[in-house]
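Here's the structure we're looking at; comments come further down.
All of the numbers you see were taken from the coordinates with simple rules; none came from a lab. A quick note: this is a predicted structure, and the numbers were derived from the prediction, not measured. So basically every Cβ, Gly included, is an ideal-geometry build from the backbone, and we count neighbours across all protein chains shown.
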Amino acid sequence: MIEIIKNPNIDFIGKRKYGFIFSAVIITIALLLIFIKGPNFGIDFTGGTLLQIKFSNPVTTADLRNSLARIGKERSIIQSLGNEKKEYIIRAAAEKPVEFAKAVKKILSTDFPDNKREILREETVEPKIGKELLTKTLWSVFLALVLILGYVSFRFDYRFGIAAVIALFHDAIFTIGVLVLVQREFSIVVVGALLTIIGYSINDSIVISDRIREKHKKMRKESYNVVLNTGLNEVLPRTILTSSTTLLAVLALLIFGGSVIADFAFTLLIGFIIGTYSSIFILANIVSLWQEKFPKKKK
Amino acid sequence: MRNIGLRMGIVIFAILLGIYTIYPTIRLYTGKNLSKNEEIALSKRAIHLGLDLKGGMHLVLEIDTTNIKEMPQDLRDRAFEIIQNRIDEFGVYEPVIEKHSGGRILVQLPGVDRDRAINLIEKVAHLEFKIVVDERVPDVIEKIDRFLQGGDTLAFEEPFSSYIIGVERDMGIDVRDEDSVKALLARTEEVIPQNLHFLFGTKEVYQGREVKKLYLLKREAELTGETIRDARHQPSSGQDLQHLGSWQISLEFKREAARKFASITGKNINKRLAIVLDDIVQSAPYIQERIPHGKASITGNFTAEEARDLAIVLRAGALPAPLKIVEERTVGPSLGRDSIISGIRAVLIASALVILFMLIYYSLAGFVANIALFLNFFFLIAVLSAFSASLTMPGIAGIALTIGMAVDANVLIFERIREELKIGKTTRTAIDQGFGRAWITIFDSNVTTIIIGVILFIFGSGPIKGFALTLTIGLVANLFSAVFISKVIFNYFTYKFDIHTLRI
């Protein structure tokens, strides 16, 4: 039996400006990355071809690129998997994905006649389908946000609802920014991970809002900021514990889960870390700032 | 102790029910020497592996209506039926063939040879019998060459005749010239008599080069594939030296067509009858005599597999229009196997880490949380089995995530109990109030995540659905196991052993 922090009493609200500055900086950088460099949309959304190929003998990325250059596709993304230089993912946006896949397989059999290959995965998506998927996905994200805002506003004060949704955007934008930075593919699975992050982040927000609401009723004589601080501190052990177990699970997925799930697990990892941060440093601080600027009388 | 007996009864009943629904899944995947019938019976009540885990292909097909004026709806229905027949005859285990919105057809085939399956589905299989008009060839070629010389003022263009080479007793072209010849024929269409057209044969090797034969045929077909009653593949007959060791397809016409076939062959003795499949001439044998019994065969260098597949598509009938693959996701069997192994490994390691963490942090209470965690996992699998749901790789990720998040409920409860104990409440009151207060929070936070899960399930495509399913079921099971069951355990032990001090 251990306690991480005995009776934590950290003045989160008093130091809120550091939280705001930090968040402002990382969000600005993330937004710049998103708008200047742009997300690396996967073939799910652009239409195109993905081939995961395993060679029986090692091959270099340069060799593959040379081959692809001969069919005018040297700008395809070539990703090496594992350390053996045998397994690769070749991915490219293409107007005619089926033909492109055929061309790649043909050029590889011409250029590597003695190196046996196995196609582990083959995906082709017509650009038209990609567009449909994108629209559908945006709608689902929008719907998720509306429903969550509705539920939180219904269960708590609307200020908490709005603060929670701001925290959601904060987490999602930061995570997308990191994905852009490391040039991870932005696929349908990654969107699924982003929605999960939203779900997780709101989960944290609710636990904290819930505690603050309870403290608010009990500590009628204290100032609003003291109430917020007490609430935050009381749930701090829980926040750290739950984040730890969840992160352990996600790390296990990332390290041991294999190539298919790696992007998904990576997105979750980044999102859960920032989600934990935002639930401690953003949510309550927004509410506290709001209360100071536009005081609401205690009932 | 308020109705502890009843609550324990509920828990035991739920566990027994879970064992009952999980049993087929365990038997299916670990049982040895299962007969085929047993397997089929079990798989109806067991978890299925998704295509990404067992390997297989997911195709979305769209009908290419470029040259068609018919109602797309009827077209789709006919195409659907034909594809279904072809796949049935091909013999795929548990295929999925569905009509989708926008006139699309979804086909999911577990564990098949990709190229062969695509060939089977995509092949239009429009079979025609056409008369070859060898005697008109010199005349038509001359017309084309004259047109090329006269029409083109530059006059440097290669004449049509220069492309033509002799292949056995036929004319042919080098495969490398195919595109130029096609373009040339398209441009000179006006001088080719309207009732005739050129078609290519299949690719073959002649004197060390890759060639295709070229035939001049009557445009109108004498008979089409719709008149076929049956098509079977069989080894080529012994006398046919050219195709020794290869396979052929023997055709049987319907009665009406058989009569027509007899009259056509009777009228065209010493001419050639070309068998044309999807505008490619398969063979063009000489008609030596009238063929009265309504039987014909397609020869060519077919392997047994090719011949079998071709017989299937001919029996199932021609597609009303070509199909286009608009989405394909194929996973090879070895990647599927790797995914299962790494998925299970990730889940086991995640569980081990979380279990250890909870034991160290909460000692005995951590043990209770771990029981709840195990039951959470157990009920999740039980519900998946009961629905005979498909487990995908993202679905496994959902399970790992459920394990990570499942202890949240117990953490919330334990932290509450600790707080209650600190302010001097008795053990039993602390447990009661800890559970009571934490319940609201747990409920609220699970509901929002379940909202996300349901949205992902409704709007998400393929693999994401699997994730949404396991996550949502996992969270619902979490409410039962982490809250209801752990409280029963706590109540039972504090009651039975009359515990007054709780180390938590």
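So what is the relative contact order of chain B, in percent, for Cα pairs below 8 Å that sit 6 or more residues apart? So the answer I get is 20 percent.
So if the hydrodynamic radius of segment A:1-154 is defined as the Kirkwood radius over C-alpha pairs, what does Stokes-Einstein give as its diffusion coefficient at 25 °C and 0.890 mPa s, in µm² per second?
125
Across all directions, the average projected area of the convex hull around the alpha carbons of segment B:1-56 is 5.8 nm². Every helix of 4 or more DSSP H residues in chain A counts as -39500 (n - 2.57), and over all residues that averages to -22000 deg cm²/dmol at 222 nm. Place a point 7 Å from Cα of B:S237 in the direction of its Cβ. Which residues in segment B:271-294 have their backbone N less than 20 Å from it? The answer is B:271-276, B:282-294, whose backbone nitrogens lie closer than 20 Å to the label point. Straightening the chain between A:K96 and A:K131 buys 11.1 nm, computed as 0.36 nm per residue apart minus the Cα-Cα spacing.
Here the residues B:I452, B:I355, ranked from fewest to most Cβ neighbours within 10 Å of their Cβ, fall in the order B:I355, B:I452. Computed per residue of chain B from DSSP H runs no shorter than four, each worth -39500 (n - 2.57), the mean residue ellipticity at 222 nm is -18000 deg cm²/dmol.
Volume per residue for the protein assembly as shown equals 216 cubic angstrom (convex hull of Cα atoms). Computing FRET efficiency as 1/(1 + (r/R0)^6) for A:K17 and B:F443, where r is the C-beta to C-beta distance and R0 is 41 Å, gives about 0.75. The per residue volume of the convex hull around the alpha-carbon atoms of chain B is 224 Å³.
Placing pseudo-labels 7 Å out from each Cα toward the beta carbon at B:D64 and B:Q84 gives an inter-label distance of 2.5 nm. Stokes-Einstein, applied to the Kirkwood radius of segment B:127-316 over Cα pairs at a viscosity of 0.890 mPa s and 25 °C, places its translational diffusion at 138 µm² s⁻¹. Spherically averaged projected area of the convex hull of Cα atoms, segment B:71-177: 12.3 nm².
Using only Cα coordinates, the Kirkwood hydrodynamic radius of segment A:166-274 works out to 15.3 Å. Inter-chain Cβ neighbour count for B:341-351, averaged per residue, equals 6 (cutoff 10 Å, partner chain atoms only). Between the C-alpha center of segment B:96-150 and that of segment A:237-299 there is a gap of 56 Å. Between the C-alpha center of segment A:161-218 and that of segment B:338-356 there is a gap of 25 Å. In terms of the mean number of neighbouring beta-carbon atoms within 10 Å, the peptides B:201-209, A:43-51, B:467-475, B:440-448 order highest first as B:467-475, A:43-51, B:440-448, B:201-209.
Helix B:304-316 axis versus longest C-alpha principal axis of chain B: approximately 90°, rounded to the nearest ten. Each label was represented as a point 7 Å from its Cα along the Cα-to-Cβ direction; for B:I4 and B:D113 these points are 6.6 nm apart.
Here chain A is treated as a Stokes sphere of Kirkwood radius computed over C-alpha pairs; at 10 °C and 1.306 mPa s its diffusion coefficient rounds to 73 µm²/s.
Among B:D115, A:D63, rank each residue by its count of other Cβ atoms within 10 Å, from fewest to most, as a rough exposure measure. Please report the intermediate quantities before stating the final value.
Details: B:D115 10, A:D63 16.
Placing the least packed residue first, the sequence is B:D115, A:D63.
Computed over the alpha-carbon atoms, segment A:48-125 gives an Rg to Rh ratio of 0.92, Rh here being the Kirkwood radius from the mean inverse distance.
Spatially, segment B:11-61 and segment B:275-329 are offset by 39 Å when compared through their Cα centroids. As a proxy for reagent exposure, B:S283, B:S339, A:S76 were ordered by neighbouring Cβ count within 10 angstrom, fewest first; the result is B:S283, A:S76, B:S339.
Taking a sphere under 11 Å around the Cβ of B:F443 and counting the other residues whose Cβ falls inside, with K and R at +1 and D and E at -1, yields a net charge of -1.
Full extension of the segment from B:I40 to B:K496, taken as 0.36 nm per residue of separation minus the current Cα-Cα distance, would add 159.5 nm.
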